[in-house]
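A.B. asks: Handing you this structure, nothing more for now.
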Amino acid sequence: MNNFLLFSGTSNRPLAQKIAQILKLNLGNIEITRFIDNECRVCVNDEIAGNTVFVIQSLSQIADQNLVELCLIGQALYSLKAKLVTAVIPWLGYSKQDKEFRRGEAVSAQLVAKFIEVAGFNQVLTIQLHSEKLVPYFKIPVTELSTSALLAHAANLNTEMVVVSPDQGGKSRSEKFAQEANLTLVYLKKERNLTTGEVKITGITGDVAGKEIVIFDDIINTGETAIRASEFLKNHGAKKIYFLATHAVLAGLAIQNLKQSVIDQLVVTDTIFIPSDKQISKLKVVSVAPLLAAEIRNMIKQY
Ligand code: R5P
C-alpha cells in the first residue's frame with residue numbers, strides 16, 4: 001500500500017493548510033511541543049510505514065528552532081519506516097550564509113544542508129533559492145520552483161516597464177525575469193557595508209526617467225536593498241516602483257522603514273508567514289500554495 005501523507009511543522013501552518021486543501025488531503029497527526037527548558041519534542045501519531053510523506057516547514061524566524069523541528073520530524077518519520085520523505089522548505093533559512101564572507105566565518109548553508117540529509121529526508125522541494133551555490137551543498141535531489149510568473153502576474157506588468165537588477169547577485173535572476181516578460185533591463189551597482197548592513201547604490205547602466213520600474217529580488221530582509229534602490233531610481237526620475245520579492249523575511253524594523261519608503265507597491269509571497277501587524281497597505285501577498293501543490297501532485301504521479 002502506498003499512501004501520500006502531508007505533515008506541517010509550526011513555522012507556516014496557514015501555507016500548509018492551503019496546500020492540503022488544494023490536494024484534498026488532511027494534515028497528518030503530529031505533536032510538536034516544547035519542554036520547560038524549550039527543547040523541542042516531536043511525536044508522529046499516524047501510521048507511516050511504507051508511505052510517501054511530505055513535510056512542510058519554512059526555516060523562518062527563529063530559523064534555528066524551525067530547523068531543529070524539521071530535523072526531528074524527519075528523524076521520527078525515518079524511524080517509523082516511511083518509504084520516501086520530502087522536505088518541502090518554501091524558505092530555506094541560513095541560505096544567505098552561502099559562502100565565507102570573512103575569513104573564519106562558518107558556511108552555515110552547507111551545514112544546514114547536511115543536517116537535513118542526516119535527519120533522514122530523501123529530497124528537498126524549495127522555492128527561489130538565494131544563490132546557485134546552494135543546490136550543490138545537498139547530496140540529495142533538490143527541486144527549486146520559480147516565482148517569477150506568479151509575481152509578474154500579481155504586479156500587472158505592462159510593456160512600458162523597465163526591469164532593474166538591484167545588485168550583482170541578482171543579475172541572472174533579473175535577466176531571466178526581463179527575458180520572460182520581454183522587458184528592457186537596467187543594472188544598479190550596489191555596495192553593502194558588511195558590518196552595519198547599510199546599502200549604498202553607486203551606479204546605474206541606463207535611463208529610468210519617466211519609467212515604471214519593476215525589481216524582482218529573492219528576499220526582503222532588512223529592506224535596505226529595496227529602500228535604497230528605490231530612492232536612487234526615484235532620484236533618477238523613475239515614476240513608479242514595484243518591488244517584487246519571493247521571501248518576506250522582514251527582519252527588525254524592515255516593515256516600518258518600507259512603509260515610509262518611496263516604494264509604491266511591494267509584492268511578496270507567503271513562503272514565510274507574515275503576521276497581521278506586518279501587513280501594511282502597500283504590501284500585496286500572493287500564495288505559493290498552488291505552485292507547491294502542483295509540484296507535489298507531479299511528484300506523487302511519479303511514485
Ligand atoms: C542580495 O544578495 C539579495 O538578493 C537581496 O537583495 C538581499 O538579501 C536583501 O536584503 P536586505 O533587505 O537586507 O537588503
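A.B. asks: Name the residue that is farthest from THR271 (Cα to Cα), counting only residues in the stretch 13-39 that are buried (at least 18 other Cβ atoms within 10 Å of the Cβ) and not β-branched (Val, Ile, Thr).
C.D. replies: GLY28
A.B. asks: Has the stretch 240-249 got any residue that is of a type in the set (Lys, Arg) and part of a helix (DSSP H, G or I)?
C.D. replies: no
A.B. asks: Could you tell me which residue of the stretch 138-173 is nearest to the ligand (Cβ to nearest atom), considering only residues that are without any contact (Cβ under 8 Å) to a residue 40 or more places away in the chain and β-branched (Val, Ile, Thr)?
C.D. replies: Out of the qualifying residues, it is VAL142.
A.B. asks: Inspect all residues belonging to the stretch 192-214 and state whether any of them is in a helix (DSSP H, G or I), within 12 Å of the ligand (Cβ to nearest atom) and not charged (D, E, K, R).
C.D. replies: Among the residues of the stretch 192-214, not one is in a helix (DSSP H, G or I), within 12 Å of the ligand (Cβ to nearest atom) and not charged (D, E, K, R), which makes the answer no.
A.B. asks: Looking at this structure, is VAL249 more than 15 Å from the ligand (Cβ to nearest atom) and either in contact (Cβ under 8 Å) with a residue 24 or more places away in the chain or of a type in the set (A, V, I, L, M, F, W, C) (or both)?
C.D. replies: In short, no.
A.B. asks: What are the pairs, 6+ residues apart or on separate chains, where a residue within the stretch 212-239 that is acidic (Asp, Glu) has its Cβ under 7 Å from a residue that is more than 9 Å from the ligand (Cβ to nearest atom) and part of a loop (DSSP other than H, G, I, E, B)?
C.D. replies: Note: pairs meeting the criteria are GLU212/GLU160; GLU212/MET161; GLU212/LYS239; ASP218/GLN128; GLU224/GLU198; GLU231/VAL262.
A.B. asks: To continue, here is another question. Anything in the stretch 118-137 that is at positive phi and either away from the ligand (no atom under 16 Å from the Cβ) or surrounded by fewer than 21 Cβ atoms within 10 Å (Cβ to Cβ) (or both)? List them, or say none.
C.D. replies: Matches in the stretch 118-137: GLY120 only.
A.B. asks: Check LEU258 against each of (1) of a type outside the set (Asp, Glu); (2) near the ligand (Cβ under 10 Å from one of its atoms); (3) closer than 26 Å to PHE101 by Cα and name the one condition it does not meet.
C.D. replies: (3)
A.B. asks: Do we have ILE56 as of a type in the set (A, V, I, L, M) and more than 21 Å from LYS81 (Cα to Cα) here?
C.D. replies: No; evaluated as a whole, the condition is false for this residue.
A.B. asks: Right, something else. Mind listing whichever residues of the stretch 226-246 are near the ligand (Cβ under 9 Å from one of its atoms), within 23 Å of SER287 (Cα to Cα) and over 15 Å from the mean Cα position of the chain (by Cα)?
C.D. replies: The answer is ALA226, and nothing else.
A.B. asks: May I pose another question? I'd like the residue in the stretch 278-303 that is outside any loop (DSSP other than H, G, I, E, B) and of a type in the set (Gly, Ala, Ser) and, out of all such residues, is surrounded by the most Cβ atoms within 10 Å (Cβ to Cβ).
C.D. replies: Across the stretch 278-303, the extreme among qualifying residues is ALA289.
A.B. asks: Exactly one condition in (1) part of a helix (DSSP H, G or I); (2) free of Cβ contacts under 8 Å to residues at least 12 places away in the same chain; (3) within 16 Å of the ligand (Cβ to nearest atom) is false for GLU100; which is it?
C.D. replies: In the conditions (1) part of a helix (DSSP H, G or I); (2) free of Cβ contacts under 8 Å to residues at least 12 places away in the same chain; (3) within 16 Å of the ligand (Cβ to nearest atom), GLU100 misses (1) alone.
A.B. asks: Kindly indicate whether LEU188 is free of Cβ contacts under 8 Å to residues at least 60 places away in the same chain and hydrophobic (A, V, I, L, M, F, W, C).
C.D. replies: Here the answer is yes, as LEU188 does meet what is asked.
A.B. asks: Identify all residues within the stretch 254-265 that are surrounded by fewer than 19 Cβ atoms within 10 Å (Cβ to Cβ) and in contact (Cβ under 8 Å) with a residue 12 or more places away in the chain; write none if there are none.
C.D. replies: ASN257, LYS259, VAL262, ASP264, GLN265
A.B. asks: Kindly check whether there is at least one residue in the stretch 27-40 that is in a helix (DSSP H, G or I) and either within 21 Å of PHE121 (Cα to Cα) or in contact with an Asp or Glu (Cβ under 6 Å, 6 or more places away or on another chain) (or both).
C.D. replies: Within the stretch 27-40, none of the residues are in a helix (DSSP H, G or I) and either within 21 Å of PHE121 (Cα to Cα) or in contact with an Asp or Glu (Cβ under 6 Å, 6 or more places away or on another chain) (or both).
Values quoted throughout were computed directly from the atomic coordinates according to the rules given, and no laboratory measurement underlies them. Everything numeric here is computed off the predicted structure, so don't read it as measured data. Don't worry about glycine lacking a Cβ; one is built from the backbone with ideal geometry, like all the others, and counts go over all protein chains shown.
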